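So the structure is just underneath, and the comments pick up after that.
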Amino acid sequence: MKRIISCLTALIAVILIAAPTSPGEIKIVDYNVWHGIDGKGTLKMGEYEPAAVREKRFKLLVAGLKEMDPDIIGIQEANKVRSYSKRLARDIDRDAVWKVGNSGIKLFGLGFPVNFSEGLAVFARKGSKLELLASKRLSGGGVQREWFSAHLEEVRYAVAARVRIADRPLIVFNVHTHFGLIPDETTRGKIDGMIARGELSYENKAALLKEIDEGHRWTESDIIALLSFIKETVRKYDHPYIVMGDFNTTLKSEALRKLIAELGLIDPWAIKNPGQKGYTWDPTVNPNTKYDGSPYQADGKTPKSGIDVLEAEFDRTSPRRIDFIFLSEHFGTESVKSARLIFNEPVDGAFVSDHIGVEVVLHGMP
């Protein structure tokens, strides 16, 4: 009798461990996985790390995602986006859709830069009927297609994918906007400090401030274009939705505040972590930020110049929250179970990216 009771107890324990703790929950992950490229070069762009280190980071990403087991994943800076997305989808047993972004001159994957064809990807559990609804070029020109691209300047995109959770539709917007400094007192103070240290020329200050203003307006314009894309998409597909991505700016951005206000978006991090910074770019924690924060290009010899010097100063000294997951107002604040930072500690001596990721868990679909 005791043996039977023991066997039953063990069986119940196994069942409890194997069963999902909270059926109906939705786990969402957003992460800029970092391509590790400096964006400089025509035939080939500079790489900050050897292939072996990049491969190690990829395997750490796979292991982390397997452990978290999210329902929906949005990533930015997947490079090369097609092969990267297909490999990651296979390794974590998910379906994937993707969009080619910055890629240069390519035909059937061949062309220049030889090592650069990055983009956005969305992953979802098999059986969730993942499909790419639309993509929107927020800025830039030229052509960016699956098998052909032709452009020489930076482009920025957003994508809209649809999944079905508990047989109910959900739209996933994934975005990566242009990086532009906000022309505020903090920025001007850094310029003055760098001039005082001889790192920037005072004579170039006016031109630098003009370039900063232009870059900021570029970022703001990307976000306004995203707002238009979301409105257009949800008019066509009247579903609950989430908006995630690397916005390359903070909540100081007027355009980002406008996006949140006009759409009535919910910020799960703010709900579950009131008063907490939630930095997703943090040079005090993540040593991979030192690459963009370096005064040199990826070759370690060519000095950065102009606005690149100031942007590097920000990247190595200024923690900030620039990666977000927002919810449409369909969900309500009560739907948020948790929101936390992920990949914010080293694993086996390495960080997975130069960014820190975000995970949001919802109680279920609205």
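So if I place +1 on the C-beta of Lys and Arg and -1 on the C-beta of Asp and Glu, and nothing else carries charge, what would the dipole magnitude of the range 25-362 be about its Cα centre? I want it in debye, nearest 20.
Dipole size: approximately 880 debye.
Mind pulling the angle between the C-alpha long axis of helix 254-263 and the longest principal axis of the chain? Nearest 10 degrees, somewhere in 0 to 90.
Roughly 30 degrees between the two axes.
Given points 7 Å out from each Cα along the Cα-Cβ axis, report the Arg340 to Phe108 separation in nanometres with one decimal.
4.8 nm
At a Förster radius of 30 Å, what calculated FRET efficiency corresponds to the Cβ-Cβ distance of Val53 and Arg90, to the nearest 0.05?
0.85
Counting other beta carbons within 10 Å of each residue's own, what order do Lys236, Lys301 fall into, fewest first?
Least crowded to most crowded, the residues run Lys301, Lys236.
From the P(r) of the chain, could you give the percentage of C-alpha pairs in the tail past 28 Å?
In whole percent, the share of Cα-Cα pairs in the chain beyond 28 Å is 46.
Which order do the peptides 101-107, 161-167, 328-334 come out in when sorted by mean C-beta neighbours inside 10 angstrom, highest first?
Averaged packing, sorted descending, gives the order 101-107, 161-167, 328-334.
Work through the residues other than Glu262 whose Cβ is under 15 Å from its Cβ and net out their charges, Lys, Arg +1 and Asp, Glu -1.
-1
Going down the table (Lys59/Lys86; Lys27/Lys136; Lys27/Lys66; Lys59/Lys304), which pairs top 20 Å between alpha carbons?
With Cα atoms farther than 20 Å apart: Lys27/Lys136; Lys59/Lys304.
Let me check I've understood the local charge: for Thr42, count other residues with C-beta under 15 angstrom from its C-beta, Lys and Arg +1, Asp and Glu -1. What total comes out?
Combined, the nearby Lys, Arg, Asp and Glu give -2.
So for the range 29-172, considering every pair of alpha-carbon atoms, how many percent are separated by more than 17 Å?
Summing the P(r) of the range 29-172 above 17 Å gives 60 percent of all pairs.
Between Gly245 and residues 5 or more places away or on another chain, which pairs have amide H atoms under 5 Å apart, with H built 1.01 Å from N, and which residues are they?
Sorted by chain and number, the residues that satisfy this are Val175, Phe324.
What is the spin-label model distance, in nm, from Asp69 to Tyr296 if the labels are put 7 Å beyond Cα along the C-beta direction?
Label at Asp69, label at Tyr296, 4.6 nm between them.
Can you give the net charge of the other residues whose Cβ lies under 10 Å from the Cβ of Phe112, counting K and R as +1 and D and E as -1?
Charge balance near Phe112 sits at +2.
Bear in mind that the values in this text are calculations on the coordinates, not laboratory data. Note that the structure is predicted; figures quoted are calculated from it, not measured. When we count neighbours, we look across all protein chains shown, and the Cβ atoms used for this are built from the backbone with ideal geometry, even at glycine.
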